[in-house]
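So the structure is just underneath, and the comments pick up after that.
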Ligand code: UD1
């Protein structure tokens, strides 16, 4: 198993190119199974989750070539409709093949993804959505068996106890391409990755409208475009993570190839904390040298403050003078980085869904254990700002979602190395 060894205390400075969005790439690779035509996807990040999705669609029968962030995929015909447990258990987003298989093959057998470190993560809305389109869904032996011979476009209500769902909105959009007539999804998630999937479907030739609003309409598609090329949007969470890297080390980082229109809530929060944010075109410069002040963060669906940025901000706020709070309303168990930050000297108390963070002068390096993807990046950021050496273990979580993270950080002056133990 590998760990990161980090010597803290360097102000990061320089430039970094932001990679393509993992959370767009995964459903768009799955959506490429909808057509038998060749699809070329650009700006695909080379991260472990993308490699897992490639393995899954290959298993289903697609031929794939992945070179230099360009992924060519052709699913002329599929030879399986089963997403096996040994792949699905590695990555929840494997469930995106469910919508694509239902649309194309009218049948799917997908292992149940189960919970994960950040909470129980149910899939009831995915199943409710597909059932609304006339799919018979039966769960047995740990597998979702979907029989979609009666697939028909309808109104789909995706209201859940925590609002709508990104994953369910996308799965229903994919299934709807193979349903007769017109499907109306409401409330639909409005995250940029949902819009990216909708734009990809449009590039395929599917009639989709309303993406980015709470009602998305998809019409059945029986003729797909030839020679599809599509470029994935930049990763807004990677952008936010490098922004916090500049803030927490009191450095200055210019990020290129990013979309600042997706970053409004994160940049507003940085501004409130006293971090300089200046934008020109597709570049943003973050300066962390000014005096910082505490803030309150309320995590919410887009365009609110993203749950995937909460851990990184907790690391930052742990060394900002004053008392800050973070209220996490989306996932139940997403403060796992807090106990590790406390081992570095942070003063954090968890009260239900709220973390109360009293800024300390300095964190000190120690041995840490990463628990999930975003918690991993938070601990690395804390290590960059801490006094002395920090060792972060279980970094396979980080490799699932950040492309060349330590290489990019080293280019900015970070003293970080990967050590295989
Ligand atoms: C996606 C992102 C993840 C991000 C999350 C919220 C991917 C691969 N992952 O996850 O990084 O943190 O959006 O922005 O894109 N829920 C239900 N029933 C369901 C589905 C979800 O109750 O059937 C609940 C969840 O438990 C959670 C909330 O709805 O409380 C939002 O989850 P959802 O939007 O589905 O997140 P994901 O798509 O899994």
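Tabulated values for the structure
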{"quantity": "Beta bridge orientation in region 22-231: antiparallel %, DSSP, nearest 5", "calculated": "70 percent"}
{"quantity": "For the chain, share of DSSP beta bridges that run antiparallel, in % to the nearest 5", "calculated": "70 percent"}
{"quantity": "Contour minus Cα-Cα distance for residue 162 and residue 364 (0.36 nm per residue)", "calculated": "69.0 nm"}
{"quantity": "Region 22-231: translational diffusion in µm²/s, Stokes-Einstein, Kirkwood Rh over Cα pairs, 37 °C, 0.692 mPa s", "calculated": "198 µm²/s"}
{"quantity": "Distance between region 50-127 and region 196-249 - C-alpha centres, whole angstrom", "calculated": "18 Å"}
{"quantity": "Stokes-Einstein D (µm²/s) once Rh is taken as the Kirkwood radius of region 215-339 over alpha-carbon pairs, at 25 °C in 0.890 mPa s", "calculated": "153 µm²/s"}
{"quantity": "Exposure proxy order (Cβ contacts within 10 Å, fewest to most) of 221, 77, 258, 89", "calculated": "77, 89, 221, 258"}
{"quantity": "Estimated [θ] at 222 nm from DSSP helical runs (n ≥ 4, -39500 (n - 2.57)) normalised by residues in the chain, nearest 500", "calculated": "-9000 deg cm²/dmol"}
{"quantity": "For q = 0.30 Å⁻¹, Debye-computed log10 I/I(0) when each Cα of region 212-251 counts as one equal scatterer", "calculated": "-0.98"}
{"quantity": "Antiparallel DSSP beta bridges within region 266-421, percent to nearest 5", "calculated": "65 percent"}
{"quantity": "Taking only Cα atoms of region 141-269, radius of gyration then Dmax in Å", "calculated": "18.0, 58"}
{"quantity": "Calculated diffusion of the chain, Stokes-Einstein form, Kirkwood radius summed over Cα pairs, 25 °C and 0.890 mPa s, µm²/s", "calculated": "112 µm²/s"}
{"quantity": "Peptides ranked, highest mean first, by Cβ atoms within 10 Å: ranges 339-350, 269-280, 300-311", "calculated": "300-311, 339-350, 269-280"}
{"quantity": "Cα-Cα P(r), region 359-404, percent of pairs per 10 Å interval", "calculated": "30, 52, 18, 1"}
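Readers should treat all values here as calculations from the given coordinates under stated rules, not as data from a laboratory. Just so you know, these numbers come straight off a predicted model, no measurement behind them. Note that each Cβ is placed from the backbone with ideal geometry, even for glycine, and that neighbours are counted across all protein chains shown.
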